[in-house]
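Student: My structure is below; once you've seen it, I'll send some questions.
The values are calculated or read from the model by the stated rules, or taken from the named source; none is laboratory data. Because the structure is a prediction, the values reported are computed rather than measured. FYI the Cβ positions are ideal-geometry reconstructions off the backbone, even for glycines, and counts take in every protein chain you see.
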Amino acid sequence: MPLPVSLYLSLKYLKPKRTFLSVVTVISVLGVMLGVAVLVVVLSVMSGFDDMWRDKILGFNSHITIEAFGLIDEYEALIERVEAVPGVDAAAPYVQSLVFLQVGSQVATPIVRGVDPAREMRVSRVPEHITDGAFSLADDEAVIGKDLARQVGVDVGDTILLSSPQGFADPDEVYLPHELQVSGIFELGMWEFDVGFVLTSIDTARDLCRIEDGVHGVQVMTVDPLRVQPVGQEVQQAAGIAFVVSTWEELNRPLFAALRVEKNMMFILLICITLVAAFSICNTLITMTVQKTPEIGLLKAIGYTPGLILRIFLWQGWIQGILGTFSGIGAGLLMLHYRNALLGLLNRSMSNQLLPKNLYHLSEIPSSTSVNDIVLVAASVMLICTVAALIPAYRAARLDPARALRYE
């Protein structure tokens, strides 16, 4: 199948020659490739962070939380109603309060969460992330986060003292701290959870909080956490107006909103790299239209329309944009595949940790490549390259044949 005349002439003009113009063309393509590669890498890494935080948050917290303005007394009936809602997988009660934790001279202020061990297996991933010991909450036992254990210097089998602030509210009575034995240590990989929580049984948590019966809330696990909003509305109807139903998206909205803003800002800033490459494409085509002025005049003199002349130089911009875009996508995906190897190489060459694990709690750089992000990058870059080619193409299409042939 023969090529269109405009495409044939564009390819003819783009044939590599030992001229400065061909060097600038190659540089323009490399600039587009660099911009696309950086965009693909950054957007994939930002999406990876988004997915990572979502997984870590859902690894400790449930998809839906039901609370009241006071204690929930008839929580068994509430759980029964909630578990009958379509889309709900399981529900479990909890008692939660801020406590003072003391081990020798070390003091910390984590949150103690009293749970039902049997039901907790169905609404939390903490039992799956026990690194030392076992998930056992019987007989005044507790499970604590790894960072909290390191902070106060305890291990499995050691004893910790817990005191609730409610114990200081009554000046006429003195409450002794509760002694709990550490039965297990969990690590979720998120500092806020690994340093800020102690899990124990509901009865122990009630004793700490000075309550006889009831719970502070109910955790609800859904079948699909990404479609939690409609299920949350049905749970609200099943629970009643006396209860406050919150989804994990609502509770963590500031975090994910900040990640979205950062991702959008990074896209806007890094697209400037492609704009620089687009200026190179524009300059290359302007120089080419000047060099090809006699040929353009000859083509118009023998009857070629301004539209065909316009398409010749638009094709050149599109070809450079396509080459840069696809090579940039390939280079970006290759960099993402070896991202952690590259990070290790940089750490060794600089004799320093670029992402210290004790600060960022990351053993590797997260990444999640989205087809939508790839399409967005490719479409944006092609649009920029089209606009860059349109200016010299329009200039070439408006050339007067008589004036152009004067240069012959």
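Student: Just to be sure before I move on: is residue 292 basic (Lys, Arg), modelled with pLDDT of 80 or more and either more than 29 Å from residue 49 (Cα to Cα) or surrounded by 17 or more Cβ atoms within 10 Å (Cβ to Cβ) (or both) in the structure I sent?
Tutor: Details: basic (Lys, Arg): yes; modelled with pLDDT of 80 or more: no; either more than 29 Å from residue 49 (Cα to Cα) or surrounded by 17 or more Cβ atoms within 10 Å (Cβ to Cβ) (or both): yes.
No.
Student: Could I ask something else about it? Taking residue 50 and the conditions (1) outside the structural domain of residue 198 (by TED's automatic domain parsing); (2) more than 24 Å from residue 224 (Cα to Cα); (3) charged (D, E, K, R), which numbered condition does it fall short on, given that it satisfies the others?
Tutor: Of (1) outside the structural domain of residue 198 (by TED's automatic domain parsing); (2) more than 24 Å from residue 224 (Cα to Cα); (3) charged (D, E, K, R), only one is false for residue 50: (2).
Student: What number of residues within segment 245-278 satisfy the criterion of being surrounded by 14 or more Cβ atoms within 10 Å (Cβ to Cβ), in a helix (DSSP H, G or I) and among the small types (Gly, Ala, Ser)?
Tutor: The qualifying residues number 2.
Student: Name every residue in segment 45-68 that is small (Gly, Ala, Ser), farther than 23 Å from residue 373 by Cα and either at pLDDT 80 or above or in contact with a helix residue (DSSP H, G or I) (Cβ under 6 Å, 6 or more places away or on another chain) (or both), in order of residue number. Full working, then the answer.
Tutor: Let us first name the residues in segment 45-68 that are small (Gly, Ala, Ser), namely 47-48, 59, 62, 68.
So of that shortlist, the ones also farther than 23 Å from residue 373 by Cα come out as 59, 62, 68.
The answer is 62, 68.
Student: Name the residue that is farthest from residue 141 (Cα to Cα), counting only residues in segment 91-100 that are crowded, with 20+ Cβ neighbours inside 10 Å and out of contact with any Leu (no Cβ under 6 Å at 6 or more places or on another chain).
Tutor: 91
Student: Now for a different question. If you take the residues of segment 72-127 that are of a type in the set (Asp, Glu) and more than 16 Å from residue 202 (Cβ to Cβ), which of them is nearest to the chain's Cα centre (by Cα)? Spell out the reasoning first.
Tutor: From segment 72-127, those of a type in the set (Asp, Glu) are 73-74, 76, 80, 83, 89, 116, 120; that's our starting set.
Next, only the ones that are more than 16 Å from residue 202 (Cβ to Cβ) stay: 80, 83, 89.
Numbers: 80: 35, 83: 31, 89: 26 Å.
Step by step, filter segment 72-127, then rank; the result is 89.
Student: Now for a different question. Within segment 135-157, is even one residue hydroxyl-bearing (Ser, Thr, Tyr), farther than 30 Å from residue 74 by Cβ and without any contact (Cβ under 8 Å) to a residue 60 or more places away in the chain?
Tutor: There is no residue in segment 135-157 that is hydroxyl-bearing (Ser, Thr, Tyr), farther than 30 Å from residue 74 by Cβ and without any contact (Cβ under 8 Å) to a residue 60 or more places away in the chain.
Student: Also: Quick check on my filter: what residues within segment 109-119 are buried (at least 19 other Cβ atoms within 10 Å of the Cβ) and of a type in the set (A, V, I, L, M, F, W, C)?
Tutor: Selection gives 112, 115.
Student: Something else: What are the residues in segment 334-389 that are acidic (Asp, Glu) and either modelled with pLDDT of 80 or more or not assigned by TED's automatic domain parsing to the domain that holds residue 310 (or both), if any?
Tutor: The one that is acidic (Asp, Glu) and either modelled with pLDDT of 80 or more or not assigned by TED's automatic domain parsing to the domain that holds residue 310 (or both): 373.
Student: Also, I was wondering about something else. How many residues does segment 214-244 hold that are closer than 15 Å to residue 92 by Cβ and part of a helix (DSSP H, G or I)?
Tutor: Step one: of segment 214-244, the residues closer than 15 Å to residue 92 by Cβ are 214-222, 235, 239.
Still in the list and also part of a helix (DSSP H, G or I): 235, 239.
Residues that pass the stated criteria total 2.
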